[in-house]
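Encoded as structure tokens, the structure appears first; notes follow it.
The values are calculated or read from the model by the stated rules, or taken from the named source; none is laboratory data. This is a predicted model, so every value here is computed, not measured. Heads up, the Cβs are rebuilt from the backbone with ideal geometry, glycines too, and the neighbour counts pull from every protein chain shown. When the accessible area is computed, the model is the full protein with side chains, heavy atoms only, and any ligands, DNA or RNA have been set aside. Shrake-Rupley method; radii C 1.70, N 1.55, O 1.52, S 1.80 Å.
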Amino acid sequence: ISVLKGPREEIVYVPCIYRNTGRKKPDFLATVDVNPKSPDYCQVIHRLPMPNLGDELHHSGWNACSSCFGDATKKRNRLILPSFISSRIYVVDVGTDLRAPRLFKVVNSEDVFWKCSLGYPHTSHCLGSGEIMISTLGDPAGSGKGGFILLDGETFEIKGNWEKGDKIPPMGYDFWYQPRHNVLISTEWGIPKCLGYGFDPNDLKKGRYGRRLNVWDWTTHTYIQSIDVGEDAAPLEIRFLHNPDAAEGYVGCTISSAIHRFYKTERGDWAAEKVIQVPSKKVEGWLLPDMPGFITDILISLDDRFLYFSNWLHGDIRQYDISNTRKPKLVGQVFLGGSITKGGPVTVCRDEELQSQPDPFFIKGKRVPGGPQMIQLSLDGKRLYVTTSLYSAWDRQFYPDLIKDGSVMLQLDVDTEQGGLTVNKSFLVDFGKEPDGPCLAHEIRYPGGDCTSDIWV
């Protein structure tokens, strides 16, 4: 894919969250300078505060992407920012001034509730039709419901629901589509009114966390199949291979800490097989006696050669060679904090993978709280960016120091020949130093599109 030769990223956009931090400030969109030749390297150079408190900005998407590239009038000039908790959808103008985004439109939550009977919007993808599609976790009352909001790509007005027919999955989260195979597949985190306040182990075994990949007919917008990946698996991020002919991809299951490969069968339906299992660790001094890795984000390099994922609780990022898609091979791993570091409250009693507990992670003299979470890869595959916040209520519960000290953005250098990850020791964006107090930085986007927003058709 020619994108591998795209220009090097110079700035990134990162939603920053104040909800649940005790600081009564609105969430904001940060523009961060990531050009090593710039005097502002690793600095937040612009902040766009939202007009409301308590939104919980989370993921973002573009008004146009590779699926629209047959149309020369389409430009990536609007960033779509759904609010996970308030259900507002912000449209941000990044076209007028790339380095200083401005608010373009607010879609009110009442419109989302009334026009779609949905709430808790999550992933935004643009479609080849010019429309924008946003997945949701629930209905307006916070019960689980896996539907999709459609926005007009010019006016950003809500057009209604994408899904048709009577059958709707019980939960939602992320999605990816592959028009050449007439398919969209969505995932399930859990019931918003349960997970929204934090992680309660009593919710496990009660059907409150997701276990299915949900398969949709791309043409008719109907729900046609579910694939079970295990009780309380909580499948989150789903990624097809970037090759638009590919009929396979991977999904990261958070609570079960497994990676499943999903694929089209000879019969023409879809199936999944577990290809990676991160073993839990036997621990004392933690919420449960077994600590899962907690896979929270995954991505596939643009050349479809490497798979990356983060274990938010164990604290490592892993790189797998997926030349053989059924047998991923671990080729890179680095620890960036996590819950099992030496000298902390947790004692590891049994560990199938490590000889000893990892050292706390320091960079530029700062001890990094939390663990690696959202990841984004440069177009050439050589730089992996990492942030450390998952979701404010869970951050507060699992990593109280994140609330106190703020999250960080880090960068790893990638060996794209043999595989291998090393921390770039000169790169640190410290969101603990924000003017309005420490905040929680989440998903990373490049102005020119990236590994996790672009779908080729």
Look through the stretch 159-181, keep the residues that are open to solvent by 10 Å² or more (accessible area, probe 1.4 Å) and charged (D, E, K, R), and return whichever of them is nearest to Glu248 (Cα to Cα).
Arg180
Being open to solvent by 80 Å² or more (accessible area, probe 1.4 Å) and of a type in the set (D, E, K, R): is that true of Asp321 here?
no
Go through the residues of the stretch 280-296 one by one and say whether even a single one is closer than 15 Å to Trp176 by Cα and in a loop (DSSP other than H, G, I, E, B).
no
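Could you tell me which residue of the stretch 135-158 is nearest to Ser83 (Cα to Cα), considering only residues that are open to solvent by 10 Å² or more (accessible area, probe 1.4 Å) and touching a Phe, Trp or Tyr at 6+ places or on another chain (Cβ under 7 Å)?
Pro140
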Residue that is farther than 20 Å from Asp413 by Cα and over 21 Å from the mean Cα position of the chain (by Cα), where the choices are Pro15, Pro7, Pro39:
Pro39
Among the residues of the stretch 267-301, write down those that are out of contact with any Lys or Arg (no Cβ under 9 Å at 6 or more places or on another chain) and surrounded by fewer than 20 Cβ atoms within 10 Å (Cβ to Cβ).
Arg267, Gly268, Asp269, Gln277, Pro279, Glu284, Gly285, Trp286, Leu287, Leu288
Go through the residues of the stretch 53-67 one by one and say whether even a single one is open to solvent by 10 Å² or more (accessible area, probe 1.4 Å), closer than 25 Å to Phe28 by Cβ and modelled with pLDDT of 95 or more.
yes
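Of all residues in the stretch 337-375, which are of a type in the set (Lys, Arg), assigned to a strand (DSSP E or B) and either open to solvent by 40 Å² or more (accessible area, probe 1.4 Å) or on the phi > 0 side of the Ramachandran plot (or both)?
Residues satisfying the conditions are Arg350, Arg367.
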Would the stretch 274-285 turn up any residue that is more than 24 Å from Val346 (Cα to Cα) and more than 21 Å from the chain's Cα centre (by Cα)?
no
Within the stretch 410-457, restricting to residues that are charged (D, E, K, R) and in a loop (DSSP other than H, G, I, E, B), the one that is surrounded by the fewest Cβ atoms within 10 Å (Cβ to Cβ) is Glu417
Of (1) farther than 23 Å from Thr452 by Cα; (2) assigned to a strand (DSSP E or B), Asn202 satisfies every one except (2)
Which ones in the stretch 251-266 are of a type in the set (Ser, Thr, Tyr), at negative phi and either free of Cβ contacts under 8 Å to residues at least 60 places away in the same chain or open to solvent by 30 Å² or more (accessible area, probe 1.4 Å) (or both)?
Ser256, Tyr263, Thr265
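Results for (1) charged (D, E, K, R); (2) at pLDDT below 95; (3) closer than 19 Å to Thr31 by Cα, shown as yes or no for each residue.
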{"residue": "Lys382", "(1), (2), (3)": "yes, no, no"}
{"residue": "Leu402", "(1), (2), (3)": "no, no, no"}
{"residue": "Asp405", "(1), (2), (3)": "yes, no, no"}
{"residue": "Asp413", "(1), (2), (3)": "yes, no, no"}
{"residue": "Gly420", "(1), (2), (3)": "no, no, no"}
{"residue": "Lys425", "(1), (2), (3)": "yes, no, no"}
{"residue": "Asp436", "(1), (2), (3)": "yes, no, yes"}
Residues in the stretch 106-134 that are assigned to a strand (DSSP E or B), of a type outside the set (Ser, Thr, Tyr) and either open to solvent by 10 Å² or more (accessible area, probe 1.4 Å) or modelled with pLDDT under 95 (or both) total 2
